[in-house]
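The values are calculated or read from the model by the stated rules, or taken from the named source; none is laboratory data. Keep in mind the model is a prediction, meaning the values are calculated, not measured. No Cβ is skipped: glycine too gets one built from the backbone with ideal geometry, and neighbour counts run over all protein chains shown. Heavy atoms of the whole protein, side chains included, go into the accessibility calculation; ligands, DNA and RNA do not. Shrake-Rupley method; radii C 1.70, N 1.55, O 1.52, S 1.80 Å.
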Amino acid sequence: MTDGARLATQPGVRLREAATHCPYCALQCGMVLRETAGRVEVAPRDFPTNRGGLCQKGWTAAELLDHPERLTTPLLRDRPGGELRPASWDEALDRVAGGLRAIQERHGPDAVAVFGGGGLTNEKAYALGKFARVALRTRHIDYNGRWCMSSAAAAGLRAFGVDRGLPFPLADLGRADTLLLVGANPAETMPPLMRHLADQRERGGRLIVVDPRLTATARQADLHLQPLPGTDLAVANALLHIALTEGWLDRAYVADRTTGFDEVRRTVAGCWPAEAERLSGVPVADLEATARALATVDRAVILTARGAEQHAKGVDTVTAFINLALALGLPGRPGSGYGCLTGQGNGQGGREHGQKADQLPGYRRIDDPAAREHVAGVWGVDPAALPGPGVPAYQLLDSLGTPHGPRVLLVFGSNPVVSAPRAARVESRLRDLDLLVVADFLRSETADLADVVLPVAQWAEEDGTMTNLEGRVLRRRALREPPPGVRTDLAVLAALATRLDAPGAFPTDPAAVFAELRRASAGGPADYAGVSWDRIDADTGVFWPCPDEDGPDTPRLFTDRFPTPEGRARFRAVTHRPAAEPVCADYPLHLTTGRVLAHYQSGAQTRRVAALRRAAPGGFVELHPDLAGRLGVAEGEEVRVVSRRGELRAPARLSPAIRPDTVFAPFHWPGAARANTVTNDAVDPVSGMPEFKICAVRVEKA
């Protein structure tokens, strides 16, 4: 029995209990799992992020542990087009290892690729990166977090010298006099966070939301800016233009703590609010009110999320809002600053420890000789043996099965058949592989295409750590052992490493893996060297960086200096540019995508929970009533949304919450309602983020 879990005996009743965290979003709400007579129940826990609250997804999370569709035996496909059949673990692992050896002998190490996930624990993300570089010797590894946090991460790195979603505790939101949310809808994506926004409102604070839709969050705002999708950068530059014109710049902060402002000043001087109104549709009066609300209070926070970031100019858009925050002197001050709302459960930790194409553990760059030497020393290999940087997620998936791309893909914790942009093309690439291996606990749409499916443990069946949206390292605790026939991801990687005669050790005990992770991250930007499981258990988590086990952690960054060589934050001039795909006569409308309250990511888990399925049984297309009237479409009538890449079909949902020139579709469903069939695969040149949030479409009656 692990620390934090206990077994109690009452007359005739066997009770098992574990204090852990929700398996879904990056809020990582605290919860307690209790198992009595084989039934697992969820209870909320008073934790700083959720403060005793849970959303419907959290309340129902335990239903997947004993789901009838749970995978409990490996599956093999004997021939292309054949059916998957049950197999033993030895047969499945031998098939995988043999396939890996054969392909690499013919085509070289880079003929094998690995695709991870932002929901994997820190230990599994670390082990996956190590496995790719040491056991497979391939440069081809990336993960679905590339489609979540990469633009905000890249912008944060070049401005601040570090990427941590929130560089301050979540409680700071409740202290802000003004809170600007850009492209975020936490009322549906992470509802317990709204308790912090309620604190802010009770203190008399003002909430401003920037979103093309009047979302559940926007309905609670004091001011809602409703821009055309893809024009957030123009809005940000106009806000800074107004602040400069009105003399609201924090000149002492800019002079003492930043560099590069003069170029930004010259650039935004030409970003007139009237031009921003023409581009975005946001009235000048609302831009002026927003700038005033941010600049004339003691404490202000600017937060971005996927609505602003999932664009081919996502890095520049986030940079524009960081410029605004720096000009107003916000970062590093209690109750103030810039941050981004991380999406996936371990979206922060998942990108810190090696499953990202260009990184080694501790957020080190893989092309840095000193970083390579340090990590290779921990792994017991020659630094020269480590491969170089790989390519971003979409570029990797789009190259699969091509003459110069990988012939084998191993997938852990992801479902790209539903979640990838231009998903039909990605599905075709997966079908072209010589070998597709998927490790999962349910048969996802990606697993349905696999040659080998490996059943792995769920969140309540293994120990580990997660790093939430604040950079707080948390403990995930096992309630019980995995079912017979199921192995952990760490055990799968260790077994494959043994079969491949990989150098070094691949522990299966997550505590041993975390101890190694601490050594590998030591001295890096994301330094976990001082983070121990005991220290996490003694408190409500530990904030990185924490280099010394006896020293303090870092709940708030940037109080004295920024982790850049000069200790200053860096302004960077950016200018608005249009979406990668403009509307035209054939495709006259804008499509944007997002989540709904009941479901999560590709829906592979939540679509199997009865209560969540009842709450949101299928996909839909949200249209403004004026647009529906022009198209002759009635409520509930099936429509086709067609782009240059394909079409989706779903019932129409009429709502004045959406702009008349824009339609919305959630991305949780496969098949005909798969929103990512139509989304654009254009990517940000810096981050590799695809342009999920805007593409040109037409809508027709089905």
For this session: Examine segment 570-590 for a residue that is in contact with a Phe, Trp or Tyr (Cβ under 9 Å, 6 or more places away or on another chain) and small (Gly, Ala, Ser), and state whether such a residue exists.
Result: no
Exercise. Looking at this structure, is Pro169 surrounded by fewer than 24 Cβ atoms within 10 Å (Cβ to Cβ) and more than 25 Å from Glu462 (Cα to Cα)?
Worked result: yes
For this session: Could you give me the residue pairs with C-beta distances under 9 Å whose first residue belongs to segment 263-283 and is in contact (Cβ under 8 Å) with a residue 12 or more places away in the chain and at positive phi, whose second residue is β-branched (Val, Ile, Thr) and open to solvent by less than 40 Å² (accessible area, probe 1.4 Å) wherever it lies, and which are 6+ apart or on separate chains?
Result: Gly281/Thr231
Exercise. What do you reckon, is Gly524 open to solvent by less than 60 Å² (accessible area, probe 1.4 Å), under 26 Å from Pro48 (Cα atoms), at pLDDT 95 or above and in a loop (DSSP other than H, G, I, E, B)?
Worked result: no
Exercise. Can you name the residue in segment 541-564 that is polar (S, T, N, Q) and buried (at least 16 other Cβ atoms within 10 Å of the Cβ) and is also farthest from Ala19 (Cα to Cα) among such residues?
Worked result: Thr564
Seminar exercise, completed: Over segment 339-376, the set of residues more than 21 Å from Ala502 (Cβ to Cβ), open to solvent by less than 10 Å² (accessible area, probe 1.4 Å) and part of a strand (DSSP E or B) is Gly339, Cys340
Exercise. Got a number for residues in segment 240-286 being closer than 13 Å to Leu326 by Cβ, small (Gly, Ala, Ser) and buried (at least 19 other Cβ atoms within 10 Å of the Cβ)?
Worked result: 1
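Here's the yes/no breakdown for (1) open to solvent by less than 20 Å² (accessible area, probe 1.4 Å); (2) among the small types (Gly, Ala, Ser); (3) without any contact (Cβ under 8 Å) to a residue 60 or more places away in the chain; (4) closer than 15 Å to Val452 by Cα:
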site	(1), (2), (3), (4)
Pro68	no, no, yes, no
Gly82	yes, yes, yes, yes
Asp94	no, no, no, yes
Ala102	no, yes, yes, no
Glu105	no, no, yes, no
Pro109	no, no, no, no
Gly119	no, yes, no, no
Ala127	yes, yes, no, no
Exercise. Looking at this structure, is Asp586 open to solvent by 20 Å² or more (accessible area, probe 1.4 Å) and modelled with pLDDT under 95?
Worked result: no
Problem set entry | Verdict on Gly632 being surrounded by fewer than 23 Cβ atoms within 10 Å (Cβ to Cβ), among the small types (Gly, Ala, Ser), in contact (Cβ under 8 Å) with a residue 60 or more places away in the chain and over 21 Å from Thr446 (Cα atoms) | yes
Problem set entry | Any chance Ala370 is over 29 Å from Gly314 (Cα atoms) and modelled with pLDDT of 95 or more | yes
